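Trainee: The structure follows.
The values are calculated or read from the model by the stated rules, or taken from the named source; none is laboratory data. Quick caveat: nothing in here was measured; it's all calculated off a predicted structure. Glycine gets a Cβ as well: all are built from the backbone with ideal geometry, and neighbour counts include every protein chain shown. The area values use the complete protein model at the heavy-atom level, side chains included, leaving out ligands, DNA and RNA. Shrake-Rupley method; radii C 1.70, N 1.55, O 1.52, S 1.80 Å.
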Amino acid sequence: MVALISPEHAEFPSHPRLKLGVMASGSGSNFEAIAQSIQDGHLNADIQVVIYNNPGAKVVDRANRFNVPAVLLNHREFASREDLDQAIVKALKQHSVEWVIMAGWMRIVTPVLIEAFRDRILNIHPSLLPSFKGNRAVEQALEAGVKIAGCSVHLVVPEVDSGDIIIQAAVPVLAEDTIETLQARIHAEEHRIYPAAIAIAAANSL
Ligand code: GRF
């Protein structure tokens, strides 16, 4: 796997056109960055579907703007994580998805999903992994007093936030930072690296 740290210009290696399915729980700004990168001709892909789990999630408005179908699979209506993942796999396959892009999906996924798309699921996490896995990563970084924070795109494996790292970007932590200001700085980098990470992962898998 290639792992790049803070490339000035994210590079997009060539690969066949990809069929993506995005999973998002909330705002969906990473979805939008990926959709915009496709529209701008950088990422060679189509987003076939967005799966979301929270009714009213803002990602739906963004999906509508990019004419991407959005499918609600509300985890509260499923008896187990596995049942939810089964429904997710079904919806992704119905939309001919080849690569699964977790972009702010706030649920733990199970082998049901991971096996169905083995080595073809990416996640973005707001820390320089392997530091600060799990929830509240930005808060954890501030509490630890690190001077450099960042974000990582990695392959999804059963252990949370632990698969091969595809690309990372670093940002400084400033003395006056709050969770919100640091989060915003990290978010901007996420939007820059995620589209390129998808291309790199696809090229690596050829
Ligand atoms: C991002 O910070 C990502 O790292 C984390 O969830 C957030 C999603 O943001 N996994 P958005 O919904 O893409 O705006």
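Trainee: Looking at (1) open to solvent by 20 Å² or more (accessible area, probe 1.4 Å); (2) touching an Asp or Glu at 6+ places or on another chain (Cβ under 7 Å); (3) touching a residue at least 60 places away in the same chain (Cβ under 8 Å), which is the only condition I124 fails?
Mentor: (1)
A quick yes/no check of all residues on (1) open to solvent by 40 Å² or more (accessible area, probe 1.4 Å); (2) outside any strand (DSSP E or B); (3) touching a residue at least 12 places away in the same chain (Cβ under 8 Å); (4) among the charged types (D, E, K, R):
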| position | (1), (2), (3), (4) |
| --- | --- |
| E11 | yes, yes, yes, yes |
| I47 | no, no, yes, no |
| I51 | no, no, yes, no |
| A57 | no, yes, yes, no |
| R62 | yes, yes, yes, yes |
| N67 | yes, yes, no, no |
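Trainee: If we scan the stretch 137-150, do we find a residue that is more than 16 Å from the chain's Cα centre (by Cα), assigned to a loop (DSSP other than H, G, I, E, B) and of a type in the set (G, A, S)?
Mentor: Yes, some residue in the stretch 137-150 is more than 16 Å from the chain's Cα centre (by Cα), assigned to a loop (DSSP other than H, G, I, E, B) and of a type in the set (G, A, S).
Trainee: Moving on to the next point. Hey, any hits in the stretch 99-107 for a residue that's of a type in the set (G, A, S) and within 16 Å of the ligand (Cβ to nearest atom)? Step through it out loud before you land on a result.
Mentor: So the first thing to find is which residues in the stretch 99-107 are of a type in the set (G, A, S), and the list is 103-104.
Subset that is within 16 Å of the ligand (Cβ to nearest atom): 103-104.
Taking every residue of the stretch 99-107 in turn, at least one turns out to be of a type in the set (G, A, S) and within 16 Å of the ligand (Cβ to nearest atom).
Trainee: Return yes when R62 is in contact with an Asp or Glu (Cβ under 9 Å, 6 or more places away or on another chain), within 12 Å of the ligand (Cβ to nearest atom) and at pLDDT 95 or above and no when it is not.
Mentor: On the way: in contact with an Asp or Glu (Cβ under 9 Å, 6 or more places away or on another chain): yes; within 12 Å of the ligand (Cβ to nearest atom): yes; at pLDDT 95 or above: yes.
Against the criterion (in contact with an Asp or Glu (Cβ under 9 Å, 6 or more places away or on another chain), within 12 Å of the ligand (Cβ to nearest atom) and at pLDDT 95 or above), R62 qualifies.
Trainee: Next up: What pairs come up if the first residue lies in the stretch 23-45 and is surrounded by fewer than 21 Cβ atoms within 10 Å (Cβ to Cβ) and at pLDDT 95 or above, the second is hydroxyl-bearing (S, T, Y) and not in a helix (DSSP H, G or I), and their beta carbons are under 7 Å apart, counting only those six or more places apart or on different chains?
Mentor: Every condition considered, the pairs that remain are S25/Y52.
Trainee: Now a separate question. Tell me which residues, restricted to the stretch 107-121, are of a type in the set (A, V, I, L, M, F, W, C) and open to solvent by 70 Å² or more (accessible area, probe 1.4 Å). Quick ask: steps written out before the conclusion?
Mentor: Going residue by residue through the stretch 107-121, those that are of a type in the set (A, V, I, L, M, F, W, C) are 108-109, 112-114, 116-117, 121.
Residue satisfying the conditions is I108 alone.
Trainee: May I ask you to list the residues in the stretch 69-94 that are free of Cβ contacts under 8 Å to residues at least 12 places away in the same chain and among the hydrophobic types (A, V, I, L, M, F, W, C)?
Mentor: Residues satisfying the conditions are F78, A79.
Trainee: Filter the stretch 69-111 down to the residues that are β-branched (V, I, T) and not in a loop (DSSP other than H, G, I, E, B), then identify the one that is farthest from S25 (Cα to Cα). It would help to see each step written out before you state the result.
Mentor: Residues of the stretch 69-111 that are β-branched (V, I, T), as a first pass: 71, 88-89, 97, 100-101, 108-110.
From the residues that got through so far, the ones that are not in a loop (DSSP other than H, G, I, E, B) too are 71, 88-89, 100-101.
On the way: V71: 12, I88: 13, V89: 16, V100: 14, I101: 12 Å.
Within the stretch 69-111, the match that is farthest from S25 (Cα to Cα) is V89.
Trainee: Only one residue in L122, L174, L129 is within 15 Å of the ligand (Cβ to nearest atom), modelled with pLDDT of 95 or more, among the aliphatic types (A, V, I, L, M) and over 23 Å from A63 (Cα atoms), so which one is that?
Mentor: Within the list L122, L174, L129, the selection yields L129.
Trainee: State all residues of the stretch 177-206 that are modelled with pLDDT of 95 or more, under 22 Å from A10 (Cα atoms) and among the hydroxyl-bearing types (S, T, Y); if no residue qualifies, say none.
Mentor: Listed by number, the list holds a single entry, Y194.
Trainee: State which residue is nearest to I148 (Cα to Cα) when the search covers only the stretch 160-206 and only residues that are more than 13 Å from the chain's Cα centre (by Cα) and of a type in the set (D, E).
Mentor: Selected residue: D177.
Trainee: Please go through the stretch 142-155 and give me each residue that is of a type in the set (A, V, I, L, M, F, W, C) and either free of Cβ contacts under 8 Å to residues at least 24 places away in the same chain or within 12 Å of the ligand (Cβ to nearest atom) (or both), ordered by number. Before the answer, list the steps.
Mentor: Taking the stretch 142-155 as the starting set, the residues that turn out to be of a type in the set (A, V, I, L, M, F, W, C) are 142, 144, 146, 148-149, 151, 153, 155.
A144, A149, C151, V153, listed by residue number.
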